[in-house]
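The values are calculated or read from the model by the stated rules, or taken from the named source; none is laboratory data. What you see is a predicted model, and the numbers here were worked out from it, not measured in a lab. When we count neighbours, we look across all protein chains shown, and the Cβ atoms used for this are built from the backbone with ideal geometry, even at glycine. For accessibility, only protein heavy atoms count, side chains too; no ligands or nucleic acids. Shrake-Rupley method; radii C 1.70, N 1.55, O 1.52, S 1.80 Å.
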Amino acid sequence: MRGLYVHIPFCVKKCAYCDFYSLPDRQSAMQSYVQALLIEAEKYQGLDFETLYFGGGTPSLLGAENLRVLSDGLRKLFRVGVTLSLDTNGTNVSGNLQRDSSLDFHRSQNDKTEATIEVNPESAAPDFLKAALECGFNRISIGVQSLNDAELKAVGRIHTATQAIDAVKQAQAAGFQNISCDLIIGLPGQTWRSLKSSISKLLALKIQHISVYCLSLENETPLADDPPENLPSDDKQVELFEKAAALLKSLGFGHYEISNFALPDYECQHNLNYWREGEYLGLGPAAASHLETIRFKNKPDLDVYLKRPTAQTTEVEQLDREDKAREETILRLRLLQEGINLSQLRQKYGMLPTQEIVDNLAAMAASGELTREGVTYRLHPAYIMTSNQIFARIMARD
Amino acid sequence: MENIRNFCIIAHIDHGKSTLADRMLELTGVLHTTENAQVLDSMDLERERGITIKAKSVRMPFKSQDGKDYILNLIDTPGHVDFNYEVSRSLKACEGAILLVDASQGVEAQTIANAYLAIDAGLEIIPVINKIDLPNAMIDECRQQLQDSLGIPGNTALLVSAKDGKGVNDLLEAVVTLVPPPKGDVNEPLKCLIFDSFYDTYRGVIPHIRVFSGSLKHGDKIMIKSTGQVHEVDEVGYFTPALTPTEKIQAGEVGYVGAIIKKVGSIHVGDTIVSPDFPATPAIPGFRHSQPMVFCGIYPISTNDYVKLTAALEKFQLNDSSIVYEKESSAALGWGYRLGFMGMLHMEITLERLKREYGQELIATMPSVIYKVYTTDGQFSLIDNPSKFPDPSRIDRIEEPVVKLQVIVPNEFVGPVMELSDAKRAKLVAMDHPDRKRALLTYDFPLAEMITGYYDKLKSVSRGYASMDYEFTGYQAGDFVKVDILVKENQVDALSFISVRQSAQPKAKGLIHKLRKLIPRQMFEIPLQAAIGAKVIAREDIVALRKDVLAKCYGGDISRKRKLLEKQAEGKKKMKMVGAVVVPQEAFLLLLKMEE
């Protein structure tokens with residue numbers, strides 16, 4: 001399984017908590033940026049992808065025309081949305097199938113085929129949503145964050161709750177049947193009452209997926225530099241998160257990853273692939289890739305990217321088998337329902353490089369931090385909010 | 001022998017002793033440039049802190065106005081209050097002393113203490129006022145102070161600027177004329193004073209000696225008086241300042257003797273070297289094994305480094321034999337060593353050097369003095385570690401070491417200094433005025449109170465003007481308790497401390513409070529308690545950690561997140577486990593800062 005991520009590093013205004021690589025006031029560069037992306041993409045011509053994800057920044061700032069140019073261009077270079085015959089390790093055995101540009105993402109016969117685009121409420125215009133659908137996107141992720149105007153304003157979101165609700169309705173009207181919304185826990189002034197109200201209103205719109213993120217103060221963001229007094233404490237965040245999780249579960253949403261909830265069969269395939277140690281290619285500045293067990297990134301610099309889109313690789317990382325196995329373990333433990341299957345881990349990395357992990361997991365199961373079912377370990381729900389403590393212990397190499 | 005002069009320079013810290021020595025070396029041609037500034041302070045750390053810890057000596061040829069050639073042996077002395085005994089031994093090797101006073105500072109506490117040591121040793125004293133080039137030099141006041149506080153005729157003081165060399169030649173002439181030549185018979189049986197030593201990897205311990213009678217040459221046998229050990233002399237020589245071998249050294253001279261003495265602990269400052277042919281030659285009086293006054297435990301952060309620490313200490317002791325150490329184990333910190341030091345500053349410098357020179361990260365526990373603990377069965381023991389205190393029910397009484405502390409301070413700071421000292425349980429026994437502007441305060445001072453940051457605070461309340469000196473005087477009884485610290489029901493021996501009963505609770509509360517802030521929240525609740533025996537006198541709880549999760553949108557940037565977790569794991573490795581609780585090293589330094 002391999003995913004394609006395309007980064008759109010533009011936004012109208014930076015949100016107070018955001019430490020992603022994204023620039024306000026650079027939208028004039030959009031057209032040349034699309035061309036640069038296609039040049040970079042050419043470097044990887046011949047690869048096949050089963051999932052596509054346009055993230056940002058604000059991909060909805062692309063506008064209908066740029067979106068068409070970009071997805072047409074990508075479709076000429078890559079085969080996206082076709083499931084190839086896979087071997088047990090998840091790598092494709094034949095990368096050289098004939099390209100069929102007539103295949104649209106949403107028409108694929110395969111369930112796992114997924115193409116997501118992120119949109120922000122204020123730029124989710126009907127013509128853009130229509131274009132997205134025509135370009136083959138079959139899933140939409142809306143940056144709602146909250147349905148409380150005061151909370152939205154407090155972190156510098158430029159849309160209202162009403163705009164967010166409208167965006168969901170318009171996506172549905174355009175024909176999207178797989179809609180995800182992001183919510184943030186720990187916004188200034190947030191209470192369980194306001195959070196519960198946000199969740200209830202969203203679910204009333206019949207969406208299929210919710211990502212629930214905890215607000216974190218990242219270095220050199222305005223929020224961290226000058227945190228408001230009514231910022232909920234860590235303990236309060238945990239309380240809100242646990243209540244939200246319980247509510248979502250009671251309404252039929254599976255808690256399939258630490259921050260992600262979905263109706264059955266609506267889990268985000270593209271993101272699942274990250275947590276299964278899968279391969280992915282990231283295009284655009286600051287985008288991260290994982291190909292043939294090597295991780296690398298593009299430099300976070302739009303200007304140099306525009307000049308030389310194919311020469312931005314940095315932070316190349318190739319871990320040894322043991323560390324790779326540790327990485328896969330902590331990623332898979334984030335998958336609360338799926339968990340980690342030890343026999344698969346051993347098969348992939350070998351007995352010796354996994355021995356310490358196996359011992360560790362057994363000890364954690366004994367102490368109740370993990371649950372065990374056959375050869376599968378899962379994070380115990382009581383330890384989700386302190387899971388870094390567990391992951392750090394798995395990462396520790398003597 | 002008539003043309004030999006053995007002398008030293010004594011001064012308060014920073015009064016310019018090392019600079020003066022440099023000028024003398026240049027003037028006599030031993031050194032040619034000013035490049036090797038402060039040759040006698042060869043350790044970086046000493047130079048940084050302006051303190052000479054290790055005494056060394058240099059032999060300088062000098063052609064006097066009288067037309068004769070002289071040999072001047074300058075014997076350097078340790079400049080800090082912790083090394084009173086070592087200073088006294090260096091003085092013993094001389095016939096004269098230059099008493100150096102900073103013209104801008106005047107007579108200070110160590111000036112007085114060292115001057116008395118020199119007078120007691122019967123040395124000819126040459127008063128010198130240094131730094132006369134400074135705009136704020138107060139030469140007349142200095143003369144008056146010498147007269148008033150030491151009874152030294154101030155008008156005889158020579159004026160010198162060690163910095164630019166002014167007056168230094170005259171000073172050397174004065175050494176020749178005023179310091180008596182050494183006495184001693186070359187034909188008498190051998191008698192030498194060891195006033196220092198250093199360790200050479202190839203030649204073992206090399207004592208620095210002053211020969212009082214007889215002579216020494218290659219192939220001779222020597223006997224260390226206090227132990228009876230006999231060694232064969234491999235090499236004798238002088239310091240120029242490099243070791244320069246010579247055929248023989250004899251009565252009146254200063255030099256070194258190499259005799260392949262492998263065992264570091266076998267040579268002690270103040271001991272006498274005699275000839276095994278005349279084993280009954282009397283020892284030079286005043287020898288004692290220097291007693292460490294301050295103790296602390298040191299522990300490697302990772303228990304795996306214990307072997308490395310052992311090696312570092314062994315090597316370290318070669319250069320500073322005044323340090324004593326023995327193995328110690330702490331329930332909280334594992335295996336480590338208990339180190340004894342001559343004083344607080346000695347401890348600070350040593351720990352700093354251990355870390356710096358040997359690349360060792362260390363946890364150093366709260367320094368302690370030696371308490372005399374009398375138990376109900378009529379026995380008493382000397383205890384240098386709070387965790388070794390017997391159960392309170394078995395203790396009859398406890399005595400603590402007391403020093404006589406002398407502080408010289410400008411009049412306007414007398415108030416703050418008295419306030420500070422009162423808070424430290426000091427008893428003022430005398431107040432004098434060495435001159436109109438300053439007071440000399442004499443205290444009976446509990447050593448335990450002095451080693452917890454008194455010196456720094458003294459400097460700070462007097463804006464740097466106060467100077468101090470102290471000497472050990474004896475033991476006195478007091479009402480002491482041992483306070484234990486419990487982290488989640490586990491006693492942390494390294495955090496136990498001794499306190500007078502009345503201030504035990506406020507101290508305990510302060511410590512517990514700081515601990516609560518320092519120990520990170522963990523997966524369970526952690527009660528922190530302070531107790532005297534079974535009685536809890538302070539308690540705070542660290543509530544269980546509730547949030548440590550990566551629950552933000554992070555796209556495919558997995559490397560960065562993995563690295564954060566690795567860092568978290570690394571950080572944990574540097575902490576100590578107390579039961580199930582992870583405790584950062586800083587916790588063990590808290591006691592040091594308890595009074596801030």
Could you list, in sequence order, the residues of the stretch A:142-194 that are acidic (Asp, Glu) and open to solvent by less than 10 Å² (accessible area, probe 1.4 Å)?
-> A:GLU151
Out of (1) farther than 24 Å from B:PHE497 by Cβ; (2) surrounded by fewer than 17 Cβ atoms within 10 Å (Cβ to Cβ), the one B:MET418 does not meet is (2)
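Here's the yes/no breakdown for (1) away from chain B (no Cβ under 11 Å); (2) out of contact with any strand residue (DSSP E or B) (no Cβ under 8 Å at 6 or more places or on another chain); (3) crowded, with 22+ Cβ neighbours inside 10 Å:
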{"position": "A:ASP235", "(1), (2), (3)": "no, yes, no"}
{"position": "A:VAL238", "(1), (2), (3)": "no, yes, yes"}
{"position": "A:PHE253", "(1), (2), (3)": "yes, no, yes"}
{"position": "A:PHE261", "(1), (2), (3)": "yes, no, yes"}
{"position": "A:PRO264", "(1), (2), (3)": "yes, no, no"}
{"position": "A:CYS268", "(1), (2), (3)": "yes, no, yes"}
{"position": "A:ARG276", "(1), (2), (3)": "yes, yes, no"}
{"position": "A:TYR280", "(1), (2), (3)": "no, no, yes"}
Can you find even one residue in the stretch B:567-576 that is at pLDDT 80 or above and under 30 Å from A:LEU283 (Cβ atoms)?
-> yes
Positions within the stretch A:286-307 being more than 14 Å from chain B (Cβ to nearest Cβ) and open to solvent by 40 Å² or more (accessible area, probe 1.4 Å), in sequence order = A:GLU292, A:ASP301, A:ASP303, A:VAL304, A:LEU306, A:LYS307
Those strands (runs of 3 or more DSSP E) lying entirely in the stretch B:161-247 with at least 2 residues in contact with a His (Cβ under 6 Å, 6 or more places away or on another chain) | B:191-200
Elements of type helices (runs of 4 or more DSSP H) contained in the stretch A:155-267, each with 3 or more residues being without any contact (Cβ under 8 Å) to a residue 40 or more places away in the chain and over 22 Å from A:ARG139 (Cβ atoms) | A:234-250
Can you tell me which of B:LYS561, B:LYS573 is within 20 Å of A:SER387 (Cβ to Cβ), within 14 Å of chain A (Cβ to nearest Cβ), over 31 Å from the mean Cα position of the chain (by Cα) and open to solvent by 70 Å² or more (accessible area, probe 1.4 Å)?
-> B:LYS573
When both residues are 6+ apart or on different chains and their Cβ atoms are under 7 Å apart, which pairs have a first residue that lies in the stretch B:126-138 and is on the phi > 0 side of the Ramachandran plot, and a second that is open to solvent by less than 40 Å² (accessible area, probe 1.4 Å) and aliphatic (A, V, I, L, M)?
-> B:LYS131/B:ALA103; B:LYS131/B:ALA137
If you check A:LEU223, A:LEU283, which single one turns out to be touching a Cys at 6+ places or on another chain (Cβ under 9 Å) and closer than 27 Å to A:ASP25 by Cα?
-> A:LEU223
Confirm whether A:LYS243 is open to solvent by 60 Å² or more (accessible area, probe 1.4 Å), more than 12 Å from chain B (Cβ to nearest Cβ), touching a helix residue (DSSP H, G or I) at 6+ places or on another chain (Cβ under 9 Å) and at negative phi.
-> yes
Of residues in the stretch A:205-221 being away from chain B (no Cβ under 11 Å) and out of contact with any Phe, Trp or Tyr (no Cβ under 8 Å at 6 or more places or on another chain), the one least open to solvent (accessible area, probe 1.4 Å) = A:ILE207
All-but-one check, B:GLU412 against (1) in contact with an Asp or Glu (Cβ under 9 Å, 6 or more places away or on another chain); (2) outside any strand (DSSP E or B), failing number (1)
Out of curiosity, is B:ALA538 of a type in the set (Gly, Ala, Ser), more than 14 Å from chain A (Cβ to nearest Cβ), more than 30 Å from A:GLY278 (Cβ to Cβ) and not in a helix (DSSP H, G or I)?
-> yes
Regarding B:GLY79, is this residue open to solvent by 10 Å² or more (accessible area, probe 1.4 Å), out of contact with any strand residue (DSSP E or B) (no Cβ under 9 Å at 6 or more places or on another chain) and in a loop (DSSP other than H, G, I, E, B)?
-> no
